[in-house]
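Here the structure is laid out as structure tokens; the discussion comes afterwards.
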Amino acid sequence: MPHIVLRYLWMLFIGWWASIIWFFVGYLLVALVVTKQAGFWVFQRLGVVYCLLEPMKEEIIFPKKILNYIWFYIGGWFAGPLVMLIDFILSILCCWEFRNFEGDIVDHVILVLFLE
């Protein structure tokens, strides 16, 4: 796994916008039903795109029930992007918190990393 500073810089400059695109590609693949397995594969690797997390070793098995499809097309279609929007706003606010310190942001990031 890459160093935490590299992961933070990746998330700050590349991961936040690349994961939005990655999420909507996966969302589109799931919506097309025929490519839903590819869409689930994309969702399971969202952490890699967002902040360089290691991919999961085991695959998540989703049950194949008609209620899951009904939920996705009625409720999940609108709830998924809403939850992702809230997630991205919170992650940007957490990054913004580092900028509100007095002094250089890099000093505070390194200080926080060593205190963990």
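Values in this text are rule-based calculations from the coordinates and carry no lab data. The structure presented is a predicted model; accordingly, all values stated were derived computationally and were not measured. Quick reminder, even Gly has a Cβ in these numbers, built from the backbone with ideal geometry, and neighbours come from all protein chains shown.
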Open item on the list: Report the per residue volume, in Å³, of the convex hull enclosing the C-alpha atoms of segment 28-91.
Closed with: 93 Å³
TODO: In whole Hz, with x marking every Gly and Pro, tabulate ³J(HN,Hα) for segment 24-40 from phi via Karplus 6.51 cos²θ - 1.76 cosθ + 1.60, θ = phi - 60°.
DONE: 6, 5, x, 4, 5, 5, 5, 5, 7, 6, 5, 9, 5, 5, 5, x, 5
TODO: Report the label-to-label distance for LYS65 and VAL5 in nanometres (one decimal), using points 7 Å from each Cα along the Cα→Cβ vector.
DONE: 4.9 nm
TODO: Can you tell me the FRET efficiency between TRP77 and GLN44 if r is taken as the Cβ-Cβ distance and R0 is 22 Å, rounded to the nearest 0.05?
DONE: 0.65
